[in-house]
Structures are given as C-alpha cells and as structure tokens.
Ligand SMILES: [Zn+2]
Ligand SMILES: [Zn+2]
C-alpha cells in the first residue's frame, strides 16, 4: 500500500499548484491513497486571513472541504482521495479549533506544533544568545506541547515531531532524552500516529522528521507511524516513500497506518 497523507496547495499562500495537481502527481507516483492536508486558517485571530503567506482565509475552509470532497468522488476507483488538514496546535485556542474542525467530515487531522513560547519553531533567530540551559528548556517546552497535542484527542496524526531542527540543525544535539521518551510514551498511549515527514530535505537540517534516533525509540514504545511528504509542490508527492518504508523495516516496524473517517487503517509495510 502506497499513500502520502501530507500535502499542501496554493491556498496557504506558500505552495504551488491546485489540489488536482497533487492528486494527479499521486497517481503518477503509484499511490493508492492521497491525503490533502492544507494548513488550517488562524481561527484564533480577529482577522479573516491573518497571514496570507502561511494559511488560507477562514472563509476559504468551506471551499477547501467542498473541493476535496468533489475530487474524492471524481477520482473514486483511480485513487482514494482523503480529506485531511494540518492543524496548528495553540493550547489557548484548542477548543475553538476542536469545535470548528468538528463541523467537517475529515478523514484525519494532523496536529502540528509550529509555535513554542509564541515564536515560530522555524525562526532561526530564536536561538541567538541562548545559554545551554535555556536551550534545553525550549526543547522541553516544545515536547511538552507535543505531549499536550497528543492528549487533546483532536488529532489522528502528529506532524513532524522534531521539525524544530529544520532551520537549526543543532537542535538534535540539545540533550532532552527524557522529554522525548516521555512524549513518545504519551503518543503511544494516546493511540495517535506520528508521520515520517520527508520535507526536512528542503530545510537546513536535511533528512526526515523525525530522526532515526527518535524513530528507534518510537518503535520501542509501540508508536504507530504513517507517511507524509509535506509536499508544497506537486513533484514532491510520495517523495522518498520507498526509502522510508525500507528504513522503517530496518528499525523493526512491521506496519504503518492511514486514516479513513478518523478510523485507523493498519497495513503491512
Ligand atoms: Zn506549509
Ligand atoms: Zn507543518
């Protein structure tokens, strides 16, 4: 079974192509299922479209859902088009997100921590001048948010769980093993999956999210895994899917999962 659950398109303002381009690319890549998962609007903001280069307007969510559902019908029999979304996780707005997203028939919701201590995880300057102790604290607070997102019950998948390394590769060298282990245990208990997200290659860190070291521990704790390219252009759909499958088998995983109507579908690797 080949699938890719993490794709974006023009609506977020920083991806190329329309939804149909990603579906066609999925067929081209030999996928049986493709998940469309653009970024959620900033529901917590007063503004209609707080950051036009980051996420769609609030009023566009309905169009997004309708377009995916209509393409799902159109492509039935050729490829299974899944309705997903990549949701930010802001604890202060969690109930608003839960209620708003609850109004639509998502196959799954990817919960992604994109902000820690109110600063973007990709902001390179956030690390400038921090003491080693402070860096550990930031890393711990990132993982505590991820734990909270797992326990919120809002998500089927957690997005890119070490993406903080994306623009700051030495993030991986900050020692916070206990926080990561605790997080992986919570994820396993919460029965949410983590994605192996191959978009790290487009950032300074290179590689995948999460690192092999984290994946080995995830396997030990019985965490479920899924795949997402996090494509922001159609050509990246399914990118390194087979390499990920091979690596997961090497690490000791035997199955991976995808979601339909929020039900976990477990398939052999
Ligand atoms: Zn994006
Ligand atoms: Zn993301």
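Bear in mind these aren't lab numbers, they're just calculated from the coordinates by the rules spelled out. Please read these numbers as outputs of a predicted model, since none were measured by experiment. Ideal geometry is used to build each Cβ from the backbone, glycine not excepted, and the neighbour counts take in all protein chains shown.
Computed quantities for the displayed model
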quantity	calculated
For the chain: rounded, prolate or oblate by the Cα gyration tensor [a/c cutoff 1.5]	oblate
Inter-probe distance in nm under a simple model that places probes 7 Å from Cα toward Cβ, at residue 69 and residue 235	3.5 nm
Cβ-based exposure ranking for 264, 56, 164, 1, in which fewest neighbours within 10 Å come first	1, 264, 56, 164
Gyration tensor (alpha-carbon) shape descriptor, the stretch 176-269, a/c threshold 1.5	oblate
Relative contact order, percent, the stretch 163-226 [alpha-carbon distance under 8 Å, six or more residues apart]	41 percent
Contour excess over end-to-end distance, with Cα ends at residue 122 and residue 204 and 0.36 nm allotted per residue	28.5 nm
Förster-model FRET efficiency, 41 Å R0, residue 14 and residue 263, C-beta, rounded to 0.05	0.85
Rel. contact order, % - alpha carbon contacts under 8 angstrom, at least six apart, the chain	20 percent
